[in-house]
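Scroll down for the structure; my scribbles are underneath it.
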Amino acid sequence: MTPPLLSITGKKNSGKTTLVVRLAAALTRRGVRVMTIKHGSHTFSMDPVNTDTYRHYHEGLAERVAMISPDKFALVERWEQPLTPQEIAARHMADADIVLCEGFKATDLPKIEIFRRAAHDAPLYDSSLANAASWQAMVCDGDVNDLPFPVFRLDHDGWLDELVAWVEQRYLSNRT
């Protein structure tokens with residue numbers, strides 16, 4: 001079974017990672033089992049050149065390489081076609097209460113946009129976008145008018161608690 005997924009979107013340097021981290025920590029403090037998926041537009045390496053796992057993957061051409069230590073586990077897997085966030089969550093995060101995804105603005109995942117006027121003139125959201133209905137809320141540092149969804153103002157005390165309560169009510173109400 002796939003847990004609920006909620007994407008945190010925004011333009012570059014808008015505060016996506018900060019919002020994901022704060023929201024995940026606040027939900028976790030409330031007993032919610034949170035997992036995350038980060039969208040990247042470039043490849044990455046989880047280990048330096050010439051380590052054993054690097055050699056397993058690059059020289060040995062292993063399809064999957066797992067690194068296991070006393071306190072964590074990592075899995076690197078080759079793919080020819082990228083999996084969707086929903087497929088990744090179903091395969092590897094099915095026991096989460098919620099999966100927060102950073103990015104994925106072009107998908108139909110439900111979205112909370114972080115928009116800061118200090119960083120950009122306008123939000124990503126536009127009612128003419130093909131996936132405009134996937135926007136569920138906005139976190140912003142000022143007024144944004146005529147939005148068809150809730151707005152959480154960074155300059156209001158308690159905005160994070162309000163956002164967490166909204167996420168719990170909307171996405172976690174069936175949690176046992």
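Output the qualifying pairs, or none if there are none: Cβ atoms under 9 angstrom, residues six or more apart or on different chains, first residue in region 39-60 and more than 24 Å from T17 (Cα to Cα) and at pLDDT 80 or above, second residue of a type in the set (D, E, K, R) and part of a loop (DSSP other than H, G, I, E, B).
Close Cβ pairs (under 9 Å, with a partner that is of a type in the set (D, E, K, R) and part of a loop (DSSP other than H, G, I, E, B)) amount to T53/D47; Y54/D47; Y57/D47; Y57/R78.
Restrict the check to region 25-32 and report whether at least one residue is of a type in the set (K, R) and at pLDDT 95 or above.
Yes; the residues of region 25-32 include at least one that is of a type in the set (K, R) and at pLDDT 95 or above.
Given the conditions (1) surrounded by 12 or more Cβ atoms within 10 Å (Cβ to Cβ); (2) of a type in the set (A, V, I, L, M, F, W, C); (3) modelled with pLDDT under 95, which single one is not true for A118?
Of the numbered conditions (1) surrounded by 12 or more Cβ atoms within 10 Å (Cβ to Cβ); (2) of a type in the set (A, V, I, L, M, F, W, C); (3) modelled with pLDDT under 95, the odd one out for A118 is (1).
Among the candidates Q169, Q136, which residue alone is at pLDDT 95 or above, surrounded by fewer than 15 Cβ atoms within 10 Å (Cβ to Cβ) and more than 17 Å from S14 (Cα to Cα)?
Every option except Q169 fails the conditions.
State yes or no: is S14 under 11 Å from the mean Cα position of the chain (by Cα) and either in a loop (DSSP other than H, G, I, E, B) or touching a residue at least 40 places away in the same chain (Cβ under 8 Å) (or both)?
No; evaluated as a whole, the condition is false for this residue.
When the residues of region 143-154 are narrowed to those that are surrounded by fewer than 12 Cβ atoms within 10 Å (Cβ to Cβ) and touching a strand residue (DSSP E or B) at 6+ places or on another chain (Cβ under 9 Å), which ends up nearest to G15 (Cα to Cα)?
Among those that are surrounded by fewer than 12 Cβ atoms within 10 Å (Cβ to Cβ) and touching a strand residue (DSSP E or B) at 6+ places or on another chain (Cβ under 9 Å), it is D143.
Out of A106, A89, A24, A96, which single residue is part of a loop (DSSP other than H, G, I, E, B) and buried (at least 17 other Cβ atoms within 10 Å of the Cβ)?
A96
The values are calculated or read from the model by the stated rules, or taken from the named source; none is laboratory data. Being a predicted model, the structure only gives us computed values, none of them experimental. Neighbour counts run over all protein chains shown; Cβ positions are idealised from the backbone, glycine included.
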